[in-house]
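The values are calculated or read from the model by the stated rules, or taken from the named source; none is laboratory data. The structure displayed is predicted, hence computed values, not measured ones. Backbone-built Cβ (ideal geometry, glycine too); neighbour counts: all protein chains shown. Note: accessible area is taken over every heavy atom of the protein model, side chains too, but ligands, DNA and RNA are not part of it. Shrake-Rupley method; radii C 1.70, N 1.55, O 1.52, S 1.80 Å.
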Amino acid sequence: MKHIVLIGMMGCGKSTIGNLLSKKLGRPLLDTDRQIEKEQGCTVAQIFSQEGEARFRALELELCQRLGQRKGLIVACGGGLPMQPECMQALKQNGTVVWLRRDPGETYDGLDTSGRPLAQQGREDFLARFAQREPVYRRWADAVITDFSSPKRTAEKVLEVLK
Ligand code: S3P
């Protein structure tokens, strides 16, 4: 059974939807940020501030390479993870990639920016980051979800496209 790999901007609902899918399908959820925090014994924000973004990206890649050898998980990816092609190549070996394409303005307006080092520069910066990432998310996506009327509904849409 392939992984279900959720990608998209910070705050678009990857962890929430991942959690619903995990319950519904009885498959484990692996959130890449939480897994890195568990393994490193510190928060993502601490890794960014103490060791720099490059170190965090290296940890993401190393984790993805391990995940490529496994299967059957729901993988909720950090928002910037798909920017490293090697990460996505590893996850795609054994995974179906679903892009949660929520409107970036709406996403930012509901975003909890605490603990998110790359969401500290305001709305315009967030929208610009989305514009820069959008073609990359699109490139990797096997399916794109645009219904964010409720988490339950979004999770149902994911299940529909995976059928
Ligand atoms: C990042 C998103 C975060 C986390 C890190 C960097 C990004 O994950 O991986 O702060 O580059 O967009 P979420 O998408 O879960 O917030």
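Give me the Kirkwood hydrodynamic radius of the stretch 11-73 in Å, from all C-alpha pairs, to one decimal place? Intermediate values should be presented prior to the final figure.
Details: mean 1/r = 0.0780 Å⁻¹.
Final number for the Kirkwood radius of the stretch 11-73 is 12.8 Å.
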What are the residues whose amide H is under 5 Å from the amide H of His3, where those residues sit 5 or more places off or on another chain and H is modelled from the backbone? Gly72, Leu73, Gly95, Thr96
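Which entries in the list Lys2/Lys38; Lys23/Lys152; Lys92/Lys152 go over 21 Å, if you measure between the two C-alpha atoms of each? Before the final figure, lay out the partial values.
Values: Lys2/Lys38 24 Å; Lys23/Lys152 12 Å; Lys92/Lys152 25 Å.
Distance filter (> 21 Å) returns Lys2/Lys38; Lys92/Lys152.
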Divide by every residue of the chain the summed helix terms, -39500 (n - 2.57) for each DSSP H run of at least 4, and state the resulting mean residue ellipticity at 222 nm, rounded to the nearest 500 deg cm²/dmol. -16500 deg cm²/dmol
Any cysteine of the chain lacking a neighbouring Cys Cβ under 4.7 Å - listed by number: Cys12, Cys42, Cys77
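Set the Förster distance to 45 Å, then compute FRET efficiency between Arg66 and Asp112 from the Cβ-Cβ distance, nearest 0.05. Don't skip to the end; give the middle numbers.
On the way: r = 28 Å, r/R0 = 0.63.
For Arg66 and Asp112, the calculated efficiency is 0.95.
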Two-decimal Rg/Rh of the stretch 90-143 from alpha-carbon positions, Kirkwood Rh? 1.03
Taking only the Cα positions of the chain, the convex hull volume per residue in Å³ is 104 Å³
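Please work out whether the stretch 116-156 counts as rounded, prolate or oblate from its C-alpha gyration tensor, where a ≥ b ≥ c are the square roots of the eigenvalues and a/c under 1.5 means rounded, while otherwise a/b larger than b/c means prolate and anything else oblate?
Working: a/c = 2.80, a/b = 1.45, b/c = 1.93.
Here the stretch 116-156 falls in the oblate category.
How large a share of the accessible area of the chain, in percent, is made up of carbon and sulfur atoms when the probe is 1.4 Å and the other protein chains stay in place? Each step should come with its number before you reach the end.
Working: 3790 of 8000 Å².
For the chain, the apolar C and S fraction of the accessible surface comes to 47 percent.
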With every protein chain kept in place and a 1.4 Å probe, the chain has an accessible area per residue in Å² of 49 Å²
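Relative contact order for the stretch 1-99: what is it in percent, counting Cα pairs under 8 Å that are at least 6 residues apart? Mind dumping the intermediate values first?
On the way: 140 pairs, mean separation 49.1, N = 99.
Reported relative contact order: 50 percent.
Under the definition of Cα pairs under 8 Å and six or more residues apart, what whole-number percent is the relative contact order of the stretch 67-159? Numbers along the way, then the final one.
Details: 66 pairs, mean separation 31.6, N = 93.
So the answer I get is 34 percent.
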